Each structure stands twice: as C-alpha cells, then as structure tokens.
Amino acid sequence: MPRPGGAEPRRHTVRSRSVNTSLHRKIVSRDELQRRVANWRRAGERVTLANGCFDVLHVGHVRYLHAARKLGGKLIVAVNTDESVRALKGEGRPAMPAEERAEILAALADVDAVIVFPETDVRAIIREIRPDFHAKGTDYTVESVPERDEVEAGGGRVVIVGDSKNHSASEIIHSRSRSRLGPRKS
C-alpha cells in the first residue's frame, strides 16, 4: 500500500545467512585436498584422516574428532555422500544432506579440511593422500578397520580414538521418531 505522498513502502528482505567463507575454504575437492596435503607435508606437518557419515552430529563425534586432532598435525574429515550413507545405513538416511554435514564439521576448530566422498569406504582417499594416521572410533579395533591394509601400505598407522561408543546417530534418530509418535504401546 502506498504511503502518503505516493512513496512506496520500503521492503525489507530477509536473506538467509550465507556460509562463512572460511568454512567453505575447509570444504575441498579431492584435487585441492591433495594440494593441501602436499603443502602441509612440505611444512613438516603430519596428516590424520578421520571419516564417517556424521549423519546427526553428536558428542561422540566431537570427542572422536578432538581425539583424532590430538594425534598431531592436520585433521582431514572425509564425509560420506548421501548415496553412500543410504548404502551403509539404509533408506531414510541420511537425516541431513552431505553439504550441511560438511559445513557443520568445517565449523569445528579441530578440523582443518573436509572432503565429501562417494565411496562406502575411504580406501581411495587413503591411497591419494597417504595419511600418517587413520583415526577410527571405539566401535572398531585396529584389526577390524576395513581400510587398515591401505593405511599400512601407505606407511601410515590406524589408531582407535574417542570415548566409548555410547552415542549413536541411529539411536538418536530412532528415539526422536518414536517420541513424535507418542509412547510405545506394549
């Protein structure tokens, strides 16, 4: 509706906040990751790789990544694409798209780089960057890590880090969906 005197009212546009550009610099392509790793190594840095779905970020993830960071050097987090999460976890997953999961991980101070990858395991990334450490959570043993052979072939070491596996994105998702439906009937 025009204002007195014929002036149009000012329209206020609410724009969604764009992602902090420093976060975008942490989310990299595979080519960029290889360049960064080469630069870090020239600077004498060690490289640690952590990976997972990170479907619903929870305290167990934060503790896992913090412990991985304590191994020293730079921490790279490889995040499964939506398709690979579905292959691993089933239909209805992930709860949040890969781009958002990567953005949340990039916001963590312990994380130096985030890569989204389509495979169901990180063997190809391990071959490409040859991490000094491949950090896995306490739901694994060194012997049960699927990529262990690739890590060792590249001269790296598998390290189990984080707290006991008391937290699960699957449990969080399922308990939330049950609570929306009301109490379970026996």
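Only one of these conditions is not met by PRO131: (1) open to solvent by less than 10 Å² (accessible area, probe 1.4 Å); (2) part of a helix (DSSP H, G or I); (3) not hydrophobic (A, V, I, L, M, F, W, C). Which number is it?
In the conditions (1) open to solvent by less than 10 Å² (accessible area, probe 1.4 Å); (2) part of a helix (DSSP H, G or I); (3) not hydrophobic (A, V, I, L, M, F, W, C), PRO131 misses (2) alone.
From the list VAL56, VAL79, VAL85, pick out the single residue that is out of contact with any Ser or Thr (no Cβ under 8 Å at 6 or more places or on another chain), touching a residue at least 12 places away in the same chain (Cβ under 8 Å) and in a strand (DSSP E or B).
VAL79
Based on this model, can you work out whether ILE104 counts as touching a Gly at 6+ places or on another chain (Cβ under 9 Å), of a type in the set (A, V, I, L, M) and in a helix (DSSP H, G or I)?
Considered against the rule, which asks whether it is touching a Gly at 6+ places or on another chain (Cβ under 9 Å), of a type in the set (A, V, I, L, M) and in a helix (DSSP H, G or I), ILE104 comes out as no.
Of the conditions (1) open to solvent by 30 Å² or more (accessible area, probe 1.4 Å); (2) under 21 Å from VAL161 (Cβ atoms); (3) not in a helix (DSSP H, G or I); (4) not small (Gly, Ala, Ser), MET96 clears all except one; give me its number.
(2)
Can you find even one residue in the range 73-83 that is surrounded by fewer than 20 Cβ atoms within 10 Å (Cβ to Cβ), farther than 20 Å from ILE125 by Cα and among the acidic types (Asp, Glu)?
no
Contact list please: Cβ distance under 9 Å, first residue in the range 60-71 and surrounded by fewer than 23 Cβ atoms within 10 Å (Cβ to Cβ), second residue assigned to a helix (DSSP H, G or I), pairs at least six apart or on different chains.
If the second residue must be assigned to a helix (DSSP H, G or I), the pairs left are GLY60/ALA169.
Restricting the range 32-49 to residues that are in contact (Cβ under 8 Å) with a residue 24 or more places away in the chain and under 14 Å from ARG127 (Cα atoms), which is most open to solvent (accessible area, probe 1.4 Å)?
Of everything passing the filter in the range 32-49, GLN34 is most open to solvent (accessible area, probe 1.4 Å).
Given (1) part of a loop (DSSP other than H, G, I, E, B); (2) open to solvent by 10 Å² or more (accessible area, probe 1.4 Å); (3) in contact with a helix residue (DSSP H, G or I) (Cβ under 9 Å, 6 or more places away or on another chain), identify the lone condition not met by VAL111.
(2)
The values are calculated or read from the model by the stated rules, or taken from the named source; none is laboratory data. Since this is a predicted model, take the numbers as computed values, not measurements. Methodologically, a virtual Cβ is constructed for each residue, glycine included, from the backbone with ideal geometry; neighbour enumeration extends over all protein chains shown. Side chains are part of the model used for accessible areas, which takes the heavy atoms of the whole protein and leaves out ligands, DNA and RNA. Shrake-Rupley method; radii C 1.70, N 1.55, O 1.52, S 1.80 Å.
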